[in-house]
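The values are calculated or read from the model by the stated rules, or taken from the named source; none is laboratory data. Keep in mind that what you see is a predicted model, and the values were worked out from it rather than measured. Using ideal geometry, Cβ is built from the backbone for each residue, glycine included, and neighbour counts are taken over all protein chains shown. Protein only, heavy atoms only, side chains kept; ligands, DNA and RNA dropped before computing areas. Shrake-Rupley method; radii C 1.70, N 1.55, O 1.52, S 1.80 Å.
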Amino acid sequence: MTCEPGEKRTKIHAWLKALLAKASWVVIHDPYSVDNWSSTKQFFETFFPNKPFSIHCTVPFPKDKTGEIKRICSDWKLPENAAVVRKFRKKHDRYLIIDNKVQVIMTSGIDYLFDEDKECTIIVRKR
């Protein structure tokens, strides 16, 4: 699914919300997630279910950012997982792995899920 520059991301947002609604854990790989913190925080606020949920990030968040995430939903767990970090170390694209059943490739990363200046493409596939 692609949204062109200037196009609302409504379709992509609806897909991501639906995919994450019943999930119990996710891996997030976006090497720019800390640098683009405003979009990343909005990503957590917009798409993640407000329930017990495990979030494995391949880029470690500083403690202040982890605190912000936990304030969004105190039931979320943010475990450190060295194996997950190693697996994604050389990956270029940005990924969500949902319950190890669905892979979402975000070619433009989290930032362009909200910024309409450039195109935004997601590819969703079963694992």
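Solvent-accessible area of the chain (1.4 angstrom probe, protein heavy atoms only): carbon and sulfur portion equals 50 percent. If you take every residue apart from Lys51 with its C-beta less than 11 Å away from the C-beta of Lys51, what net charge results, scoring Lys and Arg +1 and Asp and Glu -1? Surrounding charge for Lys51 is 0. Give the cross-link partners of Lys90 among the lysines, using a straight C-alpha distance below 23 Å as the criterion and excluding same-chain residues fewer than 8 apart. Qualifying lysines at Cα under 23 Å: Lys101, Lys126.
May I ask you to give the solvent-accessible area per residue for the chain, in square angstrom, as obtained with a 1.4 angstrom probe?
Details: 7110 Å² over 127 residues.
Ligands and nucleic acids excluded, the figure is 56 Å² per residue.
Sorting 63-73, 25-35 by their mean Cβ neighbour count within 10 Å, with the most densely packed peptide first, gives 25-35, 63-73.
Can you give the local net charge around Trp15? Use residues other than it whose beta-carbon is closer than 13 angstrom to its beta-carbon, Lys and Arg +1, Asp and Glu -1.
For residues surrounding Trp15, the net value is +4.
Rounded to the nearest Hz, the phi-derived 3J(HN,Hα) couplings of segment 18-23 under the Karplus curve 6.51 cos²θ - 1.76 cosθ + 1.60 (θ = phi - 60°) are 5, 5, 8, 4, 9, 6, where x marks glycine and proline. Placing dummy labels 7 Å off each Cα toward the beta-carbon, the span from Asn81 to Trp25 is 0.4 nm. Only aspartates and glutamates eight or more places from Lys118 in sequence, or on another chain, were considered; those with a Cα closer than 12 Å are Glu4, Glu7. Other residues whose C-beta falls under 10 angstrom from the C-beta of Ser33 contribute a net charge of 0, scoring Lys and Arg +1 and Asp and Glu -1.
Scan (1) 14.7; (2) 18.3; (3) 17.8 for the value of Kirkwood radius over Cα pairs in Å calculated from this model and give just the label. Among (1) 14.7; (2) 18.3; (3) 17.8, the one calculated here is (1). Only lysines eight or more places from Lys70 in sequence, or on another chain, were considered; those with a Cα closer than 23 Å are Lys17, Lys22, Lys41, Lys51.
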